[in-house]
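Single-structure report; data block below.
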Amino acid sequence: MDRYAIRGGASLFGEVQIGGAKNAALAILAAAVMTNDPVRIENVPDVTDCNVLLKAMERLGVSVERPDRHSVIIDGSKIDSCIVDDEYLKRIRASYYLVGALLGKNRRAEVPLPGGCNIGVRAIDQHIKGFSALGAKVRIVHGAISAEAAELRGAHIFLDKVSVGATINIMMAAALASGKTIIENAAKEPHVVDLANFLNSCGANIKGAGTDVIRIKGVERLHGTEYCIIPDQIEAGTYMMASAACHGDVMIRGVIPKHLECITAKLCEIGCHITEYDDAVRVSAPDPLMSTQVKTLPYPGFPTDMQPQITVALGLAQGTSIVTEGIFENRFKYVDELIRMGASIKVEGNMAVISGVKSYSGASITVPDLRAGAALVIAALAAEGDTVIEDTRFIERGYEDFEIKLKGLGANIERVSTERDLRKARLKLA
Ligand code: UD1
């Protein structure tokens, strides 16, 4: 089990390149099995979640080629099973995208029930509601979701809750259903739009993605394509927040600034100076930061996947800030660790009341989930003294070359495997 050894206190300066969006890649990789032609996908991030999904797809009989680190060629013509049986796959939430993809293509799918980050109850009732409306019989059997349909027919579906996963899953199945599907109260996240663009480039007929009503005219078959995944909004936001917390001046390259507007707005409120370019944003931060209030909401609101990172930054801001979690009910678990680093935060229900402190202090830290892991690394970079982040695996689910990119910005961070490595890293960082 690898760890990060971090010596805090260095300001972050320089440039960082952002990779492809993990959450878009997960949807698009799964959707690529829906055609029998080869599909080439570029800008796929080399992160555990994507690699695990690709492995599971290979087990279904899908051919997966990696001509280079960020390109994948997928050929779903020889799928010989509709049953995903992979222990490890249970740990990634997005495994359930194979239900929508396989149900659309083969009218049958069985996939282990999703795991993913430990951030609260993650219901799938809206996915089931959507598949059922399209005519599928959906059951939960032996810890898996099983969906089957003699025929899939378009339907008018009102989502009771804005759900990224349900919108994506229904869109995939409906793309190959007969007739017209309308999804109302759909999620509007950039990766929902990216999946719709990908499916349309394969011959699907999807309109309205990015608004709350998506209209899909089912087609008989999809064909091959070449497609490049959008930049990762959350990876970019994480480096923006790292720059803010470490009083840095960082140019974040390879982004779509429009997707970052809600993050940019909050950073401006707390005193950061932001310059937007065509495909980059520069974040320079004052010392100290100012307090603010944040509530996480579906896109275009402030993303829940950025909640831990902004909480870490606000923990160092002058005055009292309030962060309200509007999406998941259990997403403040990491706050206990942050308090061990000297933060002054009270969590009540879905609200964190943060009294800014002057600095954090290094400690030995356990990571509860992916985004909290990245946030705790930011806290360690801003802290006085040494921190050991006890397990890098959560972070590697969603961040490619995290410590390498941070080092490029001047951070004192080493990835270590053994006690001996840790001692050596401490000497090196000293
Ligand atoms: C996706 C993202 C995740 C992000 C989240 C919210 C991927 C792979 N993951 O997760 O990083 O944090 O969107 O932006 O893209 N809900 C129900 N019933 C359902 C489905 C969801 O009640 O059938 C609830 C959930 O419990 C949660 C809320 O709706 O409270 C939003 O969940 P959803 O948008 O579905 O999140 P995911 O797609 O799982």
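The residue that is nearest to the ligand (Cβ to nearest atom), counting only those in region 18-30 that are in a helix (DSSP H, G or I) and open to solvent by 10 Å² or more (accessible area, probe 1.4 Å), is Asn23. Could you please let me know if Ala425 is open to solvent by less than 10 Å² (accessible area, probe 1.4 Å), part of a helix (DSSP H, G or I) and more than 26 Å from Met251 (Cα to Cα)? Spelling it out, Ala425 is indeed open to solvent by less than 10 Å² (accessible area, probe 1.4 Å), part of a helix (DSSP H, G or I) and more than 26 Å from Met251 (Cα to Cα).
Every condition in (1) under 20 Å from Gly14 (Cβ atoms); (2) modelled with pLDDT of 95 or more; (3) in contact with a Lys or Arg (Cβ under 7 Å, 6 or more places away or on another chain) holds for Ala363 except the one numbered (1).
Tallying residues that are assigned to a loop (DSSP other than H, G, I, E, B), within 15 Å of the ligand (Cβ to nearest atom) and of a type in the set (Asp, Glu) within region 183-236 yields 3.
Among the residues of region 371-387, just one is open to solvent by 10 Å² or more (accessible area, probe 1.4 Å) and among the aliphatic types (A, V, I, L, M), namely Ala382. Would it be correct to say that Leu409 is farther than 16 Å from Glu235 by Cα, open to solvent by less than 10 Å² (accessible area, probe 1.4 Å) and at pLDDT 95 or above? The answer is no for Leu409. For region 1-17, enumerate the residues that are open to solvent by 10 Å² or more (accessible area, probe 1.4 Å) and not in a strand (DSSP E or B). Answer for region 1-17, where residues must be open to solvent by 10 Å² or more (accessible area, probe 1.4 Å) and not in a strand (DSSP E or B): Met1, Asp2, Gly8, Gly9, Ala10, Ser11. In the set Val72, Val33, Val52, only one residue is open to solvent by less than 30 Å² (accessible area, probe 1.4 Å), of a type in the set (A, V, I, L, M) and part of a strand (DSSP E or B); that residue is Val72.
Contact map, region 123-141: residues that are in contact (Cβ under 8 Å) with a residue 24 or more places away in the chain and open to solvent by less than 40 Å² (accessible area, probe 1.4 Å) paired with residues that are within 15 Å of the ligand (Cβ to nearest atom) and acidic (Asp, Glu), Cβ distance under 8 Å, separation 6+ or inter-chain. Pairs shown: Gln126/Asp160. Checked against (1) out of contact with any Asp or Glu (no Cβ under 7 Å at 6 or more places or on another chain); (2) part of a loop (DSSP other than H, G, I, E, B); (3) on the phi < 0 side of the Ramachandran plot, Val367 meets all criteria but (1).
The C-beta contact set for region 14-28 (first residue more than 16 Å from Val281 (Cβ to Cβ), second residue away from the ligand (no atom under 15 Å from the Cβ) and open to solvent by less than 10 Å² (accessible area, probe 1.4 Å), distance under 7 angstrom, 6+ apart or interchain) comprises Ile28/Ile41. For region 99-128, taking the residues that are β-branched (Val, Ile, Thr) and at pLDDT 80 or above, the one that is farthest from the ligand (Cβ to nearest atom) is identified as Val111. Evaluate the following for Tyr239: is it among the aromatic types (Phe, Trp, Tyr) and open to solvent by 40 Å² or more (accessible area, probe 1.4 Å)? Criteria not met by Tyr239. Picking from residues in region 379-406 that are among the hydroxyl-bearing types (Ser, Thr, Tyr) and part of a loop (DSSP other than H, G, I, E, B), the one that is modelled with the highest pLDDT is Tyr399.
When Phe402, Phe394 are checked against the criterion of being in contact with a Leu (Cβ under 6 Å, 6 or more places away or on another chain), crowded, with 18+ Cβ neighbours inside 10 Å and either among the polar types (S, T, N, Q) or under 23 Å from Gly19 (Cβ atoms) (or both), Phe394 stands alone in meeting it.
The values are calculated or read from the model by the stated rules, or taken from the named source; none is laboratory data. This is a predicted model, so every value here is computed, not measured. Counting neighbours? That spans all protein chains shown, and the Cβs are built from the backbone with ideal geometry, glycine included. These area figures cover heavy atoms from the full protein model, side chains too; ligands, DNA and RNA do not enter into them. Shrake-Rupley method; radii C 1.70, N 1.55, O 1.52, S 1.80 Å.
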